[in-house]
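Read through the structure below, which is laid out as structure tokens, and then see the notes.
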Amino acid sequence: MERRKIEREIEYSSKSPSQKHEFSIEDEEIILLTVPPTVYPPREDTELLYQALQKLRISGGHLVEIGCGSGAISIAMAIAGWRVSAFDINPLAVAATRGNANLAGVDDKITVEEGGVGEENWILPYDADVIVWNLPYLESNYPDTLGPIEEASLSDEPEIGWSKLLLEYAEQHNLNHQVFILLLNTDINSKNSPLIWTRKGWSTRVLSTQIIGSDTLEVVAFWKPGLGVEPTYIDSTESTMEEARELPSEGWQRVLARIQLQGRGRRGSIWHSMEGDLTASWTIKDEVINRWTPGLLQVSLGAAISEALGIELKWPNDLMYQGRKCGGILLESDTNSNTIRIGIGLNKSKREIDGVLHLGWDQFYPGKNSQEIFQIVDASISSLLDAAAPIPASEPTIWKEKSWISLGKSLSRGGLVQFNQENVRICGLDKKGELRSLSTEELVKIRDQGSFFISF
């Protein structure tokens, strides 16, 4: 079978002429590309990736493109002022990118080599600022039509997916200061969900989305929170929220305590924590969150954390599992330092508090310790608010939609929702993070948890 594939590909390559393509970049400039057979030409997904890269908040540095194909992205970024290292496992793609770069007059800014993820002895440049890859996402089910090179260029890795293989490479080589920008097929059955990165402690942010045929394609940025800035670890403290007051005001600042003695929740309530629980706080500059209302920010944080952990959000700040509380979120502003503090408490194990059963992550993430759970929570918060990476800020409107989806999971459990002791039906979430609800007489907004009650 393999020999037949090789013979078919050689025959196809020798008989099929190269194609001419045009690729549009900024200011109506056109890049002329010669694309040999078996080399991926610029298509809609190429344009989607390029549009996302145009949103970067820096205009130069070292960019690496994996799977460069015809060289469209590499050449466009070189024209924009980047130093580019391009790689492809297809030798014809390597030759095409070199030739096209020469024609565009940027061959002095681009190095092109054969190789890629999964190839023996392939090494990703450690000094790269941004790593870009339009991941192959087709299923490997074309045994009689694709040759080996085409199949490797177009098909997803059959076992775990290219995204996870790249993640494993990044983890093994300690690439904590690089930003990865990947074009992924994020359909429900895809192996390349961004969540696999979040659950390894990587922040994620969607830059562009497009539905092409039956495929949902997303350009997603991945980076370690603060681009590798380490959190502050404390053995014991009265409150991590108070410790957060002393953190520097610049950069991605957060504190994690092994033991918290006097944590607090909303309305001055006590947050009961035990050794082994997650007790952590973040200090965020006002300028980072000035587009967020406090209500929407709190709900969005809950949505991001609950999605990453596979649990539910109860409006506005309770983290739930199977209808039982397992954690909570607290926001406090500090006008003196123009910051906002975010406190997260999450139980490790189940317990009874004031006669009410609470659960912990031992029920949904058994075997994980507080630092491992912290990595996931930290990445979730960073995905919304971290400004360290050279990528555009997260859009509150997107997170309003995600928050409503997250809330819908808990509301769909069939709970009884009451507002001011009247049964209501929740019908939406507004841009301030307030619940829109329908009573027997009118549409009302729920602004305060004190008048809101849901029972399962």
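The values are calculated or read from the model by the stated rules, or taken from the named source; none is laboratory data. On a predicted model such as this, the values are computed, not experimentally measured, just so you know. Cβ sites come from the backbone with ideal geometry, for glycine too, and all protein chains shown count toward neighbours.
Residues being in a strand (DSSP E or B), out of contact with any Cys (no Cβ under 8 Å at 6 or more places or on another chain) and either surrounded by fewer than 24 Cβ atoms within 10 Å (Cβ to Cβ) or in contact (Cβ under 8 Å) with a residue 40 or more places away in the chain (or both): count how many of those fall in region 296-328. Lay out the reasoning, then the answer.
Applying the first criterion (in a strand (DSSP E or B)) to region 296-328 yields 312-314, 318-321, 324-328.
From the residues that got through so far, the ones that are out of contact with any Cys (no Cβ under 8 Å at 6 or more places or on another chain) too are 312-314, 318, 321, 324-328.
From the residues that got through so far, the ones that are either surrounded by fewer than 24 Cβ atoms within 10 Å (Cβ to Cβ) or in contact (Cβ under 8 Å) with a residue 40 or more places away in the chain (or both) too are 312-314, 318, 321, 324-325, 327-328.
Final tally of qualifying residues: 9.
Restricting to region 417-429, count the residues that are crowded, with 16+ Cβ neighbours inside 10 Å and either within 29 Å of ASN290 (Cα to Cα) or touching a residue at least 40 places away in the same chain (Cβ under 8 Å) (or both).
2
Which of the following residues is assigned to a helix (DSSP H, G or I), aromatic (Phe, Trp, Tyr) and over 19 Å from TRP202 (Cα atoms): TRP399, TRP404, TRP361? Don't jump to the end; show me each part of the working.
Values: TRP399 fails: over 19 Å from TRP202 (Cα atoms); TRP361 fails: assigned to a helix (DSSP H, G or I).
Just one listed residue meets the conditions, TRP404.
Any idea which residue in region 218-232 is nearest to LEU183 (Cα to Cα), counting only those that are touching a residue at least 24 places away in the same chain (Cβ under 8 Å) and not hydrophobic (A, V, I, L, M, F, W, C)?
Step one: list which residues in region 218-232 are touching a residue at least 24 places away in the same chain (Cβ under 8 Å), which gives 218-229, 231-232.
Of the ones still in play, those that are also not hydrophobic (A, V, I, L, M, F, W, C) are 218, 224-226, 228, 231-232.
Values: GLU218: 6, LYS224: 18, PRO225: 20, GLY226: 22, GLY228: 23, PRO231: 30, THR232: 34 Å.
Residue satisfying both the conditions and the ranking: GLU218.
Is it fair to say LYS368 is closer than 17 Å to ASN317 by Cβ and under 22 Å from the mean Cα position of the chain (by Cα)?
Details: closer than 17 Å to ASN317 by Cβ: no; under 22 Å from the mean Cα position of the chain (by Cα): yes.
Considered against the rule, which asks whether it is closer than 17 Å to ASN317 by Cβ and under 22 Å from the mean Cα position of the chain (by Cα), LYS368 comes out as no.
Output the number of the condition that LEU146 fails; it satisfies all remaining conditions of (1) hydrophobic (A, V, I, L, M, F, W, C); (2) modelled with pLDDT of 95 or more; (3) in a loop (DSSP other than H, G, I, E, B).
With (1) hydrophobic (A, V, I, L, M, F, W, C); (2) modelled with pLDDT of 95 or more; (3) in a loop (DSSP other than H, G, I, E, B) applied to LEU146, the lone miss is (2).
Restricting to region 108-130, count the residues that are more than 16 Å from LEU166 (Cβ to Cβ) and in contact with a Ser or Thr (Cβ under 7 Å, 6 or more places away or on another chain).
3
Tell me, please, whether a residue that is among the polar types (S, T, N, Q), farther than 20 Å from ALA303 by Cβ, outside the structural domain of GLU171 (by TED's automatic domain parsing) and assigned to a strand (DSSP E or B) can be found in region 331-344.
Initial filter on region 331-344 (among the polar types (S, T, N, Q)): 333, 335-339.
So of that shortlist, the ones also farther than 20 Å from ALA303 by Cβ come out as 333, 335-339.
Next, from what is left, pick out any that are outside the structural domain of GLU171 (by TED's automatic domain parsing): 333, 335-339.
Next, only the ones that are assigned to a strand (DSSP E or B) stay: 333, 339.
Looking for residues that are among the polar types (S, T, N, Q), farther than 20 Å from ALA303 by Cβ, outside the structural domain of GLU171 (by TED's automatic domain parsing) and assigned to a strand (DSSP E or B), one finds at least one in region 331-344, hence yes.
Which condition from (1) at pLDDT 90 or above; (2) out of contact with any helix residue (DSSP H, G or I) (no Cβ under 9 Å at 6 or more places or on another chain); (3) more than 27 Å from LEU278 (Cα to Cα) is the one that VAL444 breaks?
Tallying (1) at pLDDT 90 or above; (2) out of contact with any helix residue (DSSP H, G or I) (no Cβ under 9 Å at 6 or more places or on another chain); (3) more than 27 Å from LEU278 (Cα to Cα), VAL444 fails exactly one: (1).
Report yes if SER437 is modelled with pLDDT of 90 or more and surrounded by 14 or more Cβ atoms within 10 Å (Cβ to Cβ), otherwise no. Break it down stepwise before answering.
Working: modelled with pLDDT of 90 or more: no; surrounded by 14 or more Cβ atoms within 10 Å (Cβ to Cβ): yes.
Taking the combined requirement at face value, the residue does not satisfy it.
For region 184-222, what are the residues that are modelled with pLDDT of 90 or more and assigned to a loop (DSSP other than H, G, I, E, B)?
PRO194, ARG199, LYS200, GLY201, TRP202
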